[in-house]
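What follows is calculated from the coordinates using simple rules that are stated; it is not laboratory data. Note that the structure is a prediction, hence the values are computed from the model and not measured. Virtual Cβ from ideal backbone geometry, glycine too; neighbours counted across all protein chains shown.
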Amino acid sequence: MASDTDSLERYKASMVLSGVGDALGYKNQEWEYCKSGVEIHKQLAELGGLSNITVELPGWPVSDDTVMHLATAEALVIDSDKKDDIYLELCKRYVACMNDMEGRKPGPTSILGCKQMSPGSAISGWHIPFNPSGTGCGAAMRAMCIGLRCPRLDQLDDLIAFSVESGRMTHHNPHGYCGALASALFVSYAVQNKPLREWGKGLLDTLPRALEYVKKSIRSAYENEEAWFYFPAKWEEYLEERELLDGTSDPKWPDNYDDPAVRDKIYKDDISSDGWPGRRGHDAPLIAYDALLAAGDSWEELCSRSMFHGGDSDSTGVIAAACFGVLYGYHGVPDCNHKKLEYRSRLEKLGEQLYHKSHP
């Protein structure tokens with residue numbers, strides 16, 4: 001069992017490396033919008049490889065993913081355990097963080113949701129209408145810290161509530177906010193030292209409990225239930241393909257899966273729903289999970305699979321790296337990848353605050 005000091009360091013590493021995964025996958029807009037993992041790996045080699053990249057401004061800023069993850073974490077550590085206080089704080093911070101989006105490419109659904117919220121209202125100012133198009137990854141890429149705030153099995157109901165409510169503040173559609181649940185749940189599993197092969201089954205087992213929460217909360221319950229099927233269906237399809245449905249076996253990999261071109265094709269054709277892998281609520285955490293399963297404790301391999309592919313590479317990277325930080329700390333991570341990261345001190349401080357909040 002990890003010591004308290006080691007656990008604290010892993011909390012801090014989770015927050016910091018989430019920002020690194022974001023910045024590397026984003027590459028100041030260049031790699032997030034590059035549709036060829038082969039081309040990204042070629043450019044990476046021309047830069048001297050991962051160990052030669054100093055992630056710092058101006059060339060390697062964080063994207064909207066980290067800005068909104070910071071907002072989530074800062075709301076979760078306020079001096080209150082009342083959920084409505086935290087929800088209102090989330091609402092305020094999400095709206096406010098839109099002022100820090102120059103050059104960070106926030107998604108249209110996140111922008112719309114923040115415009116629809118009313119942080120000046122103490123009563124349900126965070127409620128927005130159901131959105132049939134709210135299927136993007138914007139809820140998933142900012143929710144990892146919820147797993148640090150609610151890491152224990154006896155906190156699962158709180159983790160579900162925080163994930164669903166924070167997610168549907170902008171992405172009021174189960175395809176969107178279930179991505180937040182997946183990201184938070186996986187980080188909590190990392191804290192619990194739950195074997196990776198069990199994570200996917202754990203998510204499928206948790207989704208019915210989340211649906212019950214949504215139905216009881218009444219808000220657009222019919223629309224949410226009608227749209228619920230897609231997220232678990234895509235995850236069940238993936239887990240069946242990898243022979244992970246029962247959570248007891250090691251994954252079965254496609255042929256030649258170490259080849260970035262092969263991964264690009266599978267990410268695009270089998271995992272994504274619109275040809276841009278990682279863009280949606282289901283496939284951002286799914287690709288992150290796939291990368292974690294294959295990479296083990298290799299930071300370089302994790303980056304190759306979760307950050308350097310022809311899709312929404314910052315959103316898959318931010319989730320994968322947050323989990324990696326809890327599992328392995330800074331093991332194998334070159335100092336130049338994280339020491340000069342934008343917002344590093346804020347991220348590290350929040351890791352410490354989340355640790356103390358979850359270990360009273």
> Which of the GluC sites (Glu not before Pro) found in the stretch 234-285 are loop residues per DSSP with 14 or fewer other Cβ atoms within 10 Å of their Cβ?
Replying inline: 243
> How about the stretch 283-360: which GluC sites (Glu not before Pro) there are in a DSSP loop, with at most 15 other Cβ atoms within 10 Å of their Cβ?
Replying inline: none
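Mean separation of Cα pairs under 8 Å and 6+ residues apart, divided by the residue count of the chain: what relative contact order is that in percent?
Computed value for the chain: 31 percent relative contact order.
So if I place +1 on the C-beta of Lys and Arg and -1 on the C-beta of Asp and Glu, and nothing else carries charge, what would the dipole magnitude of the chain be about its Cα centre? I want it in debye, nearest 20.
Working: 38 positive and 54 negative charges, 173 e Å.
Using Cβ point charges on Lys, Arg, Asp and Glu, the chain gives about 840 debye.
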>> Which of 218, 128, 86 ends up with the largest GNM mean-square fluctuation for the chain, with Cα atoms connected below 10 Å?
In response: 218
> What lysines sit close enough to residue 82 to cross-link, taking a C-alpha to C-alpha distance under 18 Å and skipping anything fewer than 8 places away on the same chain?
Replying inline: 92, 357
> What 222 nm value per residue comes from the helices of the chain, counting each DSSP H run with n ≥ 4 as -39,500 (n - 2.57) and dividing by all residues, nearest 500 deg cm²/dmol?
Replying inline: -18000 deg cm²/dmol
> Amide H of residue 62: which non-local residues (sequence gap of 5 or more, or other chain) have their own amide H closer than 5 Å, using H built in the peptide plane?
Replying inline: 342
> Alpha carbon centre of the stretch 1-67 versus the stretch 327-360: separation in Å?
Replying inline: 13
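Fewest Cβ neighbours within 10 Å first, please rank 65, 157, 4 accordingly.
Values: 65 34, 157 12, 4 9.
Ascending Cβ contact count within 10 Å gives the list 4, 157, 65.
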> Once you mark the trypsin sites (Lys or Arg not before Pro) that are in a DSSP loop and have at most 10 other Cβ atoms within 10 Å, what is the longest gap between them in the chain?
Replying inline: 83-251
